[in-house]
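Q: Quick one: structure below, then a few questions.
The values are calculated or read from the model by the stated rules, or taken from the named source; none is laboratory data. Every value quoted in this text rests on a predicted model; they were computed, and no experiment measured them. Neighbour counts are summed over all protein chains in view; Cβ atoms, including those assigned to glycine, are modelled from backbone coordinates with ideal geometry.
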Amino acid sequence: MRNLLLSTVLTMGATMAQATEYLNVFTWDGYVQPDEVAAVNDILASEGYDIEVRVLDTLAEGPEQMFDVIRSGDVDVSFLTLNYINMEGFPFSNLLQPIDTSSPRLSNAEALLPELSAIPMGMSDAGPLYLPFGGGSYGIWANDDVVAEHPTSVADLLKPEWKGQISLTSGQVQPNVALALMSMGQSPFAVQDASGDRKKMAALQKADGELQQTMNALHDQVGFFWSAGPEFRDDLAFVASYGPGAAAHVASGGNWSIVNFDEGNTVWLDTINFSKKLEGKKLEAAEIFANYFIGKDVQERIVNGLGMVAATTQVDANPMLDDNPEFFAEELFWPPYTKLANNVMNMLSKRASEAGS
């Protein structure tokens with residue numbers, strides 16, 4: 001998937017074997033295309049930068065994995081989900097630097113949606129640790145060749161008829177816990193909300209409690225857990241997806257559509273971030289890269305090709321946001337989980353996995 005296409009074109013048409021330095025990019029599946037890497041490298045070369053963009057073969061999977069990769073020191077630019085940045089227990093904010101949106105190399109920043117540009121969970125005292133890239137909802141997609149009628153409630157996924165026909169993510173446990181909570185009629189972020197209440201937290205994490213039993217039942221329904229990206233297989237009835245994988249599959253002819261549960265769907269925003277160690281010409285190259293990815297061409301692609309919500313006003317249409325101006329409602333926006341909440345959710349998920357093994 002990540003076949004690197006690196007342009008080595010220099011000013012005046014001269015060429016060289018490779019640039020002196022690489023700008024290493026760590027991203028989610030489908031976000032950075034080879035032709036876009038080539039376009040940015042052409043810009044860098046034409047402006048005299050002896051730097052080339054290189055996308056890491058390792059794809060983003062979730063907060064724990066992304067933190068481990070970024071703190072290795074090999075990442076210059078990342079695409080973190082917004083709520084990770086200040087998540088307790090994973091101090092991404094210590095690894096990132098504030099972004100100067102007034103930089104002349106970030107001209108496209110002026111067109112970013114203002115409601116997405118200064119969200120508190122992504123801010124530092126010195127400014128934003130992110131540029132909004134694009135978002136969407138975390139939903140369940142139905143195989144319409146298998147599912148005659150979409151379920152109305154998340155709880156319907158626990159019916160015996162769907163055993164072994166559901167696919168969820170293994171890279172992130174938080175959305176799975178959110179689904180379990182929604183099936184119980186609770187807020188998808190009830191564990192997070194209970195972080196400061198010992199009694200509530202104790203009840204939520206009980207080994208024989210309702211949430212654990214629901215998590216066990218949900219895991220028992222799963223026929224396949226995906227990591228870096230969902231697989232829309234014919235033997236599955238429902239697949240959890242952030243949207244991009246589903247939209248690409250549908251565009252290639254798959255007969256899948258999102259299930260509009262009565263409980264709604266949680267929403268997320270992915271962002272572009274700069275490593276704290278970037279400086280000088282390499283920081284300037286990072287700004288040029290980011291400017292291209294928040295620009296019209298890439299933003300149009302993520303809307304039309306990946307089914308995402310664009311972060312800029314430059315796109316001709318932004319269907320999900322146009323249809324629902326409250327798409328990024330605060331109560332459905334993934335929060336920066338506390339360390340306690342994250343630990344409890346991991347424990348609930350581990351028990352559920354062990355119960356089904």
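Q: Only one of Ala286, Ala329 is touching a residue at least 60 places away in the same chain (Cβ under 8 Å), touching a strand residue (DSSP E or B) at 6+ places or on another chain (Cβ under 6 Å) and of a type outside the set (D, E, K, R); which?
A: Ala286
Q: Any chance you could count how many residues in segment 153-170 are at pLDDT below 95 and not in a strand (DSSP E or B)?
A: Qualifying residue count for the region: 1.
Q: Another question, then. Please enumerate the residues belonging to segment 74-106 that are among the polar types (S, T, N, Q), in a loop (DSSP other than H, G, I, E, B) and over 18 Å from the mean Cα position of the chain (by Cα).
A: Once the filter is applied, which keeps residues that are among the polar types (S, T, N, Q), in a loop (DSSP other than H, G, I, E, B) and over 18 Å from the mean Cα position of the chain (by Cα), segment 74-106 yields Gln97, Thr101, Ser102, Ser103.
Q: From the list Ser72, Ser7, pick out the single residue that is modelled with pLDDT under 95 and within 30 Å of Thr338 (Cα to Cα).
A: So the residue among Ser72, Ser7 that is modelled with pLDDT under 95 and within 30 Å of Thr338 (Cα to Cα) is Ser72.
Q: Tell me, which strands (runs of 3 or more DSSP E) wholly within segment 232-337 include 1 or more residues that are outside the structural domain of Val146 (by TED's automatic domain parsing), of a type outside the set (Lys, Arg) and out of contact with any helix residue (DSSP H, G or I) (no Cβ under 7 Å at 6 or more places or on another chain)?
A: Once the strands (runs of 3 or more DSSP E) in segment 232-337 are filtered for at least 1 residues that are outside the structural domain of Val146 (by TED's automatic domain parsing), of a type outside the set (Lys, Arg) and out of contact with any helix residue (DSSP H, G or I) (no Cβ under 7 Å at 6 or more places or on another chain), what remains is 266-274.
Q: While we're here: Quick check on segment 236-280: of everything there that is of a type in the set (D, E, K, R) and out of contact with any strand residue (DSSP E or B) (no Cβ under 7 Å at 6 or more places or on another chain), which residue is surrounded by the fewest Cβ atoms within 10 Å (Cβ to Cβ)?
A: Asp262
Q: Then there is this: Being in a helix (DSSP H, G or I), modelled with pLDDT of 95 or more and not hydroxyl-bearing (Ser, Thr, Tyr) is the filter here; which residues of segment 107-121 pass it?
A: Passing the criteria: Asn108, Ala109, Glu110, Ala111.
Rundown of residues vs (1) at pLDDT 95 or above; (2) under 27 Å from Ala248 (Cα atoms); (3) in a helix (DSSP H, G or I), yes/no style:
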{"residue": "Asp29", "(1), (2), (3)": "no, yes, no"}
{"residue": "Val32", "(1), (2), (3)": "yes, yes, no"}
{"residue": "Val37", "(1), (2), (3)": "yes, yes, yes"}
{"residue": "Gln65", "(1), (2), (3)": "no, yes, yes"}
{"residue": "Asp68", "(1), (2), (3)": "yes, no, yes"}
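Q: Within segment 64-89, work out how many residues are in contact (Cβ under 8 Å) with a residue 60 or more places away in the chain, of a type outside the set (Gly, Ala, Ser) and either within 15 Å of Thr27 (Cβ to Cβ) or buried (at least 23 other Cβ atoms within 10 Å of the Cβ) (or both).
A: Number satisfying all stated conditions: 12.
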